[in-house]
Each structure stands twice: as C-alpha cells, then as structure tokens.
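Colleague: Sending over a structure as structure tokens; questions will come in a sec.
The values are calculated or read from the model by the stated rules, or taken from the named source; none is laboratory data. From a predicted model like this one, the values you see are computed outputs, not experimental measurements. FYI the Cβ positions are ideal-geometry reconstructions off the backbone, even for glycines, and counts take in every protein chain you see. Calculation scope for accessible area: heavy atoms of the full protein, side chains included, ligands and nucleic acids excluded. Shrake-Rupley method; radii C 1.70, N 1.55, O 1.52, S 1.80 Å.
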Amino acid sequence: MKIAFIGLGNMGGGMAANLVKAGHEVRAFDLAAEALARAQDSGCAVFTSVREAVQGAEAVVSMLPNGAIVEQVYTADVIGHAPTTALLIDCSTIDVATARRVEEAARGAGYAMVDAPVSGGIAAANAGTLTFMAGGEAADFARAEPILALMGKAVIHAGASGAGQAAKICNNMILGATMIATCEAFNLAEKLGLDLQTFFDISSKASGQSWSMTAYCPVPGVGPQSPADGGYQGGFAAALMLKDLKLAMEAAASAGAKVPMGARAEELYEAYVGAGSGGTDFSGIIRSLDDLAR
Ligand code: NAD
C-alpha cells in the first residue's frame, strides 16, 4: 500500500519505519531535514512537500505537534491534494474540537478520516507496541485498524469522530494526577520513616496502587526500572504531560465537567515546566514537591 506519512519526529520516525518493515511504500514529509534523513535511512521515500508526499496515496498518516499544525497541514495540503479514496489518519494528540473540525472538512471533501492518538512513548513507537484509541465511523475504523495494528499492540475503537482524542486526554488526566499523588505519598512515607521499597511492596499490592506506582515508580531504586533510575531523563517529557493536561482542561471547560484534581495537576506541571524541567520525564515532578534529594 502507498502510505504518505507526515511528521517523522520522535514518534513518527519509528512508526513510519514499522510500516516500511511491514512491506508498505511509505512517502515521507517533515519540515526538519534531520527527520527526513532518518526516514530515508529507515527505507521511506522522502518528498519536499506534503502535497508531493500525498500524491497517489492510499492512506495518509500524520504525527504532528499540535492542533493548529494538524489543521493547517490537512486543510491546505492534504484535502484536495490526496486522492479522495485515501484514508486519512491523524495520530497526533490534539484538542477534540480541532479533531472534529478537520474530520468534518475532510468528510465534506469526500474523504474518510479517523483520529487515532496513541498511548506509549518513543520506545513503544520504535517497537511497534503503541496503544491506539480511534475515533470515527465504524467502516472507516475498520479500514484504519490493519494499518494501525502494524504500529501498535492494541487498536481500540473509542467511538465517533474526536472520541480517540477524548479518550487520550481523559487517560492522561488520570496519569498526571496519579503520578503527583504517588510522588506525594512516597515523600510522606520517607518523612514518616518508612523504607521506600517496603512501602512500594505494600502499596503496589494494596488499594493505593496505580500504573504510576507499579510500572513507573518515581523513586530511584524502587520498583521496576523507570526514568527515575536514570536521573529522570528520557521517558515522557513533562512538557508533553502539561500539553495533555491543558487539552483536558480546555475540553472540561467546553463540556462543563468539574475536574479539580486535573486542574491542580495542570498547575503543578505548569510550575515544574516553568522552572525549566519540561524536557525531563514527568515523574521528575517528585523533586519539586519536597526538599528530599533525588
Ligand atoms: P516531535 O516534535 O518529535 O515530532 C513532530 C514532527 O513534526 C517534527 O519532526 C516536526 O519537524 C514535524 N512538523 C512540524 N510541523 C510540520 C509541518 N507543518 N509539516 C510537516 N512536519 C511538521 O514530536 P513527537 O514527540 O514525535 O510527538 C508527536 C505527537 O505525538 C504529538 O502530538 C505528541 O503529543 C504525541 N505523543 C508523543 C509522545 C511522546 O512520548 N513523545 C507520546 C504520545 C503521544
């Protein structure tokens, strides 16, 4: 299949490489020369514009930084330039309203489109083990599923247009809040004189457990290997967590949902990122919550 791939950064680079490995002809475009060079090394054909890349494509996949860019790329260069038979799949994390608007514009011009954001970081993108949550009509999801399955371990139909984005931000609002709650609990446990591995052994098997604790413990040397063990480098950047929390707050405001814990998590990540830690893993926020050395 001829698949145009737009946005081959940290995530898109590995995803496109997995489509190549599965035998597809991947037509790549990115504004960054280094991203295109990496795409070429992994077997993609590279182009100098979105319009060129989408020519003759049977599917278009995008993995871009934000909603404004996604809207610009689709309305200016994909819609009206890719064949109308091409299935459009946006995997970026963006706001629900923009996702719905772009999908409506695409449908109006005769295209099928799904929003399919991902859970899982750069390592999962490289390994082809992402989780996709997709929004769109059932028939369009059925066309997208086999393509997404080549890049992920799970592909779930979340509902109508925009539902993938909705599921993603609700999930990450839980993640942001549980990470902070886990960090606070470990700090308190330490000040109360508990051995932190012992506290992990208890709480990870008790009602306080969550993914933030059992799979991604924010304390160095406690629990499974996680970014905490490498000085909070790599992993899921705090700046991206803040982006997702901001999207969740926007969505909550427009839907009239009360999210006081999510709002507090957003404030705390805003402060953490504002202090210059946006590039470090989001579990590093533990260092800003207390005076303990980590
Ligand atoms: P990134 O910045 O590494 O990659 C984005 C790429 O898009 C860059 O290479 C950039 O040059 C390119 N780009 C920007 N504008 C463009 C345009 N107009 N045309 C073509 N290319 C353009 O970001 P990333 O980490 O790969 O994240 C991509 C998306 O995936 C984001 O929406 C992010 O929220 C989401 N996401 C990221 C992670 C993660 O761990 N990095 C996890 C889940 C979801």
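Colleague: For segment 2-50, name all the residues that are surrounded by 15 or more Cβ atoms within 10 Å (Cβ to Cβ) and β-branched (V, I, T).
Modeller: Scanning segment 2-50 gives I3, I6, V20, V26, V46, V50.
Colleague: I would also like to ask the following. Check whether at least one residue in segment 249-256 is aliphatic (A, V, I, L, M) and either outside any helix (DSSP H, G or I) or open to solvent by 50 Å² or more (accessible area, probe 1.4 Å) (or both), and report yes or no.
Modeller: Yes.
Colleague: Looking at segment 199-212, I want the residues that are in contact (Cβ under 8 Å) with a residue 60 or more places away in the chain and have a partner that is buried (at least 18 other Cβ atoms within 10 Å of the Cβ) with Cβ atoms under 6 Å, at least 6 apart or on another chain. Which pairs are those?
Modeller: S212/T178; S212/M179; S212/T182
Colleague: Could we say that E270 is touching a Leu at 6+ places or on another chain (Cβ under 8 Å), free of Cβ contacts under 8 Å to residues at least 60 places away in the same chain and closer than 16 Å to I285 by Cβ here?
Modeller: Yes: the conditions hold for E270.
Colleague: I'd like to check something: does segment 200-215 contain any residue that is hydroxyl-bearing (S, T, Y), outside the structural domain of N10 (by TED's automatic domain parsing), farther than 23 Å from I122 by Cα and crowded, with 16+ Cβ neighbours inside 10 Å?
Modeller: Scanning segment 200-215, I find at least one residue that is hydroxyl-bearing (S, T, Y), outside the structural domain of N10 (by TED's automatic domain parsing), farther than 23 Å from I122 by Cα and crowded, with 16+ Cβ neighbours inside 10 Å, so the answer is yes.
Colleague: Output the residues belonging to segment 141-161 that are more than 20 Å from R100 (Cα to Cα) and assigned to a loop (DSSP other than H, G, I, E, B).
Modeller: L150, M151
Colleague: Report, ordered by the first and then the second residue, all pairs with beta carbons closer than 7 Å, sequence separation of six or more or different chains, a first member in segment 236-252 that is in the same structural domain as A271 (by TED's automatic domain parsing), and a second member that is of a type in the set (K, R) and open to solvent by less than 30 Å² (accessible area, probe 1.4 Å).
Modeller: none
Colleague: Now, a different point. Does G135 fit the bill of being closer than 18 Å to A251 by Cα, outside the structural domain of G12 (by TED's automatic domain parsing), more than 12 Å from the chain's Cα centre (by Cα) and open to solvent by less than 20 Å² (accessible area, probe 1.4 Å)?
Modeller: no
Colleague: Sticking with this one: Can you find a residue in segment 86-94 that is open to solvent by less than 10 Å² (accessible area, probe 1.4 Å), away from the ligand (no atom under 11 Å from the Cβ) and under 20 Å from the mean Cα position of the chain (by Cα)?
Modeller: Among the residues of segment 86-94, at least one is open to solvent by less than 10 Å² (accessible area, probe 1.4 Å), away from the ligand (no atom under 11 Å from the Cβ) and under 20 Å from the mean Cα position of the chain (by Cα), which makes the answer yes.
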